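Beneath this line is the structure, given in structure tokens, with notes to follow.
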Amino acid sequence: MTMLPLRVLVAGGGTGGHVFPALAIADEIKKIRPDAELLFVGTKGKIESRVVPERGYRLSTIWISGFHRSLRPANLLFPLKVLVSLAQSFGILRRFNPTIAIGTGGYVCGPILSMAAWMGIPVVVHEANSYPGVTTRMLAGRAKIVFTSFEATTRWLKRTDNVEHVGMPTRQGLDASERSAATAFFNLDPAKKTVFVFGGSLGAASINRAVEQRLISAAAVNGFQIIWQTGRGWNGDIVAARRVGWVGAFIDDMQHAYAAADIVVCRSGASSLAELTLLGKPAILVPYPHAAADHQTVNARSLSERGAAVLLSDAEVTERLVDEVMNLLSNDERRLSMANASRNLGRPNAGTSIAARIVQLSRN
């Protein structure tokens, strides 16, 4: 039987939490339908402009950015950006003529998916966080399916008959490294316990301060080591950090960082939690305090209440981080219990499930 052509438009960008799930879904679609054509849509200068082409996918960009809640001169351009991005989206959709369009988050999804729905192209959305973003709430009524990472998301949506709870897609290869290779990759001592700290591709100021002011000296005194992804823009004392481990703005080979880690310290975005639960990593979670509806705290509680993580507020991370790290590093039994609890929460087949449903929808 001859299969109809499958052209999938994938929109998502701004942060790794939006881009990497999109890539995971795209990879799974290619496994099911190697003949499928995929086109990513993002914005210039963001992480997708580098990562998507590196992964071998085509990328088109539109001119759009978020609207700042505070008064800023950039907001004056927002109405113009919306109009331009809608026109650009129309052109992209006319040229590519997708069978279906999927969005994984970020402000780029608004114009391109709204235009796709207006043109009669089937739209699906994946909502990463417990509290749905503006795009999800805007498109939920017109989407064929709204995929969710958290069951709690449903309460915020006016329409629920098209909601499917599948979990969060994770990038491929995260489990492809072993500790010996991972510590060698970062030039670390395999005999020492390791704390992996990151705040996403953009970094996290409060976590970085806690590492710089307290954790580095604690590592020097207590004999553990640190892998520290600072995010872009941090300008602290790199020399001091390197004495107790590895420090850098961004880690492309995250599989090595996770494999080396006895504990992970990070924000509680949905993508990070999906990776932690996939790998069963004990974690100290520091929710971003300004997230909409405080959804990162809700995300973090889904792990902490099940014994898979320790939750620290942003305000207390500098004061408490070292104590919590030392408590976990000194208690092998507790870390093992947390690892098992974390792994039990994982949904390793989320990307496969979403890809299968997209292929199925494209046949209807």
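The values are calculated or read from the model by the stated rules, or taken from the named source; none is laboratory data. Here the structure is a predicted model, which is why all the values come from computation and not from measurement. Positions of Cβ are generated from backbone atoms using ideal geometry, with glycine treated the same way; all protein chains shown enter the neighbour counts.
Contact annotation: residue pairs with Cβ atoms under 6 Å, 6 or more positions apart or on different chains, pairing a residue in the range 274-299 that is hydroxyl-bearing (Ser, Thr, Tyr) with a partner that is at pLDDT 95 or above and in a helix (DSSP H, G or I), are THR277/SER342. Determine, yes or no, whether PHE20 is modelled with pLDDT of 95 or more, buried (at least 16 other Cβ atoms within 10 Å of the Cβ) and either more than 20 Å from the chain's Cα centre (by Cα) or not polar (S, T, N, Q) (or both). No. Here ARG171 clears all of (1) of a type outside the set (Asp, Glu); (2) farther than 29 Å from THR99 by Cβ; (3) within 19 Å of the chain's Cα centre (by Cα) except the condition numbered (2).
Quick one: is ARG363 of a type outside the set (S, T, N, Q) and either surrounded by 14 or more Cβ atoms within 10 Å (Cβ to Cβ) or closer than 22 Å to SER130 by Cα (or both)?
In short, no.
Residues being within 18 Å of VAL134 (Cα to Cα) and surrounded by 22 or more Cβ atoms within 10 Å (Cβ to Cβ): count how many of those fall in the range 272-302. Summing the residues that are within 18 Å of VAL134 (Cα to Cα) and surrounded by 22 or more Cβ atoms within 10 Å (Cβ to Cβ) in the range 272-302 gives 3.
Of the residues making up the range 104-123, those that are under 18 Å from the mean Cα position of the chain (by Cα) and not polar (S, T, N, Q) are GLY105, GLY106, TYR107, VAL108, CYS109. Regarding the range 207-226, can at least one residue be identified that is modelled with pLDDT of 90 or more and within 30 Å of THR352 (Cα to Cα)? Looking through the range 207-226, none of the residues is modelled with pLDDT of 90 or more and within 30 Å of THR352 (Cα to Cα).
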